[in-house]
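Q: Got a structure for you, questions after.
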Amino acid sequence: MNLDKITQRYFNLFPGDFSGNPMQRQTPNFLFAQTEIYGYKKAQLLHFNQNLSEEIGLGKIENQEDTDFVNATNLPENIKTYSTAYAGHQFGQWAGQLGDGRAIYAGEIKNSEGKFTEIQWKGAGATPYSRHADGRAVLRSSIREYLMSEAMFHLGVPTTRALSLSLSGEKVARDIMYNGNVDFEQGAVVIRTSETFLRFGHFELLAARNEIDTLQKLTDFTIENYYPEIDKNSGNKYIEFYKKVSEKTAEMIVEWLRVGFTHGVMNTDNMSIIGNTIDYGPFSMLDEYDLNFTSNTTDLPNKRYAFGKQAHIAHWNMIQLANALFPLIKDEAALENVLVDYSEMFWKKHDEMMAKKFGFEKLERYDADFFTSWQKLMEEISTDYTLFFNQLETLQEDTNIPEHFKKCFYQNINSNQETLLIEFVENYKQRLSYNQISRDESKKIMQKANPKFVLRNYLLFECIAEMEEGKTELFDKLWLALQNPYEEIYPEFSVKRPEKYEGVVGCSSLSCSS
């Protein structure tokens, strides 16, 4: 591996705490703190994403030094590790300084095309921002993030990615449901990568502390490195930056809705400044379609981060980012215009996405009513989101409609529901007839928009149970399937959630401890 090429631009560009003090504390006037990894002596590499490593310029694991790096055990002298400070609104309430409580940066690497990628361990030990936690991670949550972040990448959703998964060789105490039942689980470390891990919360922290010079410096750095299309010498660059973040955020949410992803904790500190899906905790892919589904037991009963509320919450989070950037933009009307445009842009992109899921050649003005009728159907009949579109794609003219969709239903449907389904499908056929393209071409549009495989929570639940026993067969199958989500590699994965997992913790909703 090209470990000698890893650099730390933050050390030279931004104010940092180099004291090496491991105490959990506030770090005013600093954007990061130098942080040491714990150094696991009995760590064991479980899986390495070599394709990603080659892509970002790290290369192959070739010796013990490389393995030690991946396992967060020993590091070359050139790697100076650190964690960053940020703030955020958690469940709508200002939480003040937060920061990388379980993440420690190795730095950045530049590939042959000149693109920088940030590299960080998750679970490599406590940081000054761990907030009375231990900085460790467990195998359960590490498998979930490792597999799901890669699954999202191959689905075409903007996301951070996973480079490696290792056992730490330690046991870690966790109260998975926050109900006093503490258990010891296998510890683990994940290396994750992204063009940048900068969050809305980084900008919120600096604004809240009135560290405006550093806020401006960080924003200029972000524009220059991650939004090169913006003229860095323009007097309007900050409002243009805000517009771009708004666009990328809207596009990310549309992609979440396309594949049925529910984040679970859309706090502002979990919002990427470049529109990446970040921080995989109590997430879930939809099984049955439900706009009120929340994947996070901590989010009950209010369901702030429910599947159907994610666009609204992203808008709310954009308001908080506007407040943070106001000292640079100083134009309330301009910021409000971007927020209004966000809503219009989101719904336009959303409806265009839905048109593709149904195989429409282009979006028509009357499609809004069609989408509403579909939504009412899905809410009336407990229907699997992914399987419904897969079955719609294979619909034939002489198909027995109720029988054709039977594999999608989580409950037996009554005669009224059966009639509703038949009427909808007939309306769908009528709408398809307005296409100027063939049915085969329409199907190709659907196939690109509708995955055959999504990484459901019950599959992760089964995979975790096997991995905790040292078995990897299901993990290996899921790794292959998630890299080919628009193909049916394993038909046994293209089924609705088994009835035995109904209401089982870890198979639909999870806690923040997940």
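Q: With a 1.4 Å probe and all protein chains left in place, how much accessible area per residue does segment 396-514 have, in Å²?
A: About 54 Å² of surface per residue is accessible.
Q: Just from its helices, what would the mean residue ellipticity at 222 nm be for the chain, if runs of 4 or more DSSP H residues each count -39500 (n - 2.57) and the sum is divided by every residue, rounded to the nearest 500 deg cm²/dmol? Please list the in-between numbers first.
A: Values: 16 runs with 206 residues, N = 514.
Computed ellipticity for the chain at 222 nm equals -12500 deg cm²/dmol.
Q: Could you look at segment 49-108 and say what percent of its accessible area is carbon and sulfur, using a 1.4 Å probe and all protein chains?
A: 38 percent
Q: In square angstrom, what is the accessible area per residue of segment 252-311 with a 1.4 angstrom probe? Please report the intermediate quantities before stating the final value.
A: Values: 1280 Å² over 60 residues.
Averaged over the residues of segment 252-311, the accessible area is 21 Å².
Q: By the gyration tensor of its Cα atoms, with a ≥ b ≥ c the square roots of the eigenvalues, what is the shape of segment 47-115: rounded for a/c under 1.5, prolate for a/b over b/c, or oblate?
A: Prolate, because a/c is 1.5 or more and a/b exceeds b/c.
Q: Separate question: So what's the projected area for segment 145-261, the Cα convex hull averaged over all directions, in nm²? Before the final figure, lay out each step's value.
A: Details: hull surface 42.5 nm².
For the Cα atoms of segment 145-261, the hull's average projected area reads 10.6 nm².
Q: Could you give the longest part of the chain that holds none of the chymotrypsin sites (Phe, Trp or Tyr not before Pro) found in DSSP loops with at most 16 neighbouring Cβ atoms within 10 Å?
A: So the longest stretch without any such site is 179-365.
Q: How far is helix 457-467 tilted off the main Cα axis of the chain, in degrees rounded to 10, range 0 to 90?
A: Orientation of helix 457-467: about 50 degrees from the principal axis.
Q: On to the next question. On average, how much accessible surface per residue is there in segment 28-110, in Å², for a 1.4 Å probe, leaving out ligands, DNA and RNA?
A: Using a 1.4 Å probe on heavy atoms only, each residue of segment 28-110 averages 42 Å².
Q: Of all accessible surface on segment 151-305 at a 1.4 Å probe, what whole percent is carbon and sulfur?
A: C and S fraction of accessible area: 45 percent.
Q: Mind grabbing the accessible area of Arg9 for me, 1.4 Å probe, Å², rounded to tens?
A: Spelled out: Arg9, probe radius 1.4 Å, area about 50 Å².
Q: Given a 1.4 Å probe and the protein chains all in place, what does the accessible area of Asp476 round to, in Å² to the nearest 10?
A: 80 Å²
Q: Another question, then. What is the distance in Å between the Cα centroid of segment 1-48 and that of segment 149-203?
A: Cα centres, segment 1-48 to segment 149-203: 17 Å.
Q: Let me ask something additional. At 7 Å along the Cα-to-beta-carbon direction for both Ser373 and Glu473, put a label point, then send me their distance in nm to one decimal.
A: In this crude label model, Ser373 to Glu473 measures out at 4.8 nm.
Q: Within the accessible area of segment 326-409, what % is carbon and sulfur when the probe is 1.4 Å and the other protein chains stay in place?
A: C and S atoms contribute 47 percent here.
Q: How would you classify segment 375-458 from its alpha-carbon gyration tensor, with a ≥ b ≥ c the square roots of the eigenvalues: rounded for a/c under 1.5, else prolate if a/b is greater than b/c, otherwise oblate?
A: oblate
Q: Roughly how many whole Å is it from the C-alpha centroid of segment 449-502 to that of segment 229-252?
A: 38 Å
Q: Tell me, what is the 1.4 Å probe accessible area of Ser373, in Å² to the nearest 10?
A: Around 50 Å² of this residue is reachable by solvent.
The values are calculated or read from the model by the stated rules, or taken from the named source; none is laboratory data. Treat the numbers as computed from the prediction; the structure is a model and nothing was measured. Quick reminder, even Gly has a Cβ in these numbers, built from the backbone with ideal geometry, and neighbours come from all protein chains shown. These accessible areas exclude ligands, DNA and RNA; they are computed on the full protein's heavy atoms, side chains included. Shrake-Rupley method; radii C 1.70, N 1.55, O 1.52, S 1.80 Å.
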